[in-house]
Amino acid sequence: MENGLKAQGSFDHACPSGVSYSEHILGLPLSMVQVYWRAGGTGIFVFHPMLASMLVVVDPSRFSFSFENGMDWPVRIGCVGGIHAWADPSIRADEVLVVDEPGSLQAHGRLRIENFVEVPDVLDRMAVINR
């Protein structure tokens, strides 16, 4: 396995025809939990604030996150299947890591998000799309 990872998985960000984007993104937590258990079932999730914002939009009852000036990272945003989830801008925007604790970048598992907006310049890419 790459860099000693115990588990890897992938989730296609591209929304299939006939499925709402919200419904599609709600399938992401299931993929995260599958990778978590394949990686040994211990630790937490850490992912980029862009992904955290997407999850807040589609499921605000489980996730809470907003950008503020001078934030201390990482920031806890909620739980996925009972597993604590944190946002940290040092994580690539197209992946979710299973780590032992916030701030740790030594991953036990990684979920790669395929067909995500251009990475690592996600915010710049979103700005171009919104012009």
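A short reminder: the numbers here are calculations on the coordinates, not readings from a lab. Just so it is clear, the structure is predicted and the values come from calculations on it, not from any experiment.
A compact table of results
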read-out	value
Karplus (6.51, -1.76, 1.60) ³J(HN,Hα), θ = phi - 60°, over region 81-95, in Hz, Gly and Pro reported as x	x, x, 9, 4, 10, 10, 10, 8, x, 7, 8, 4, 6, 9, 8
Mean Kyte hydropathy of -1.0 or more with a Cα span along the axis of at least 15 Å, helices from DSSP in the chain	28-38
Dimensionless Rg/Rh of region 1-120 - Kirkwood Rh, Rg from C-alpha atoms	0.94
Amide hydrogen neighbours beyond the local backbone of GLN8, cut-off 5 Å, H modeled	ARG110
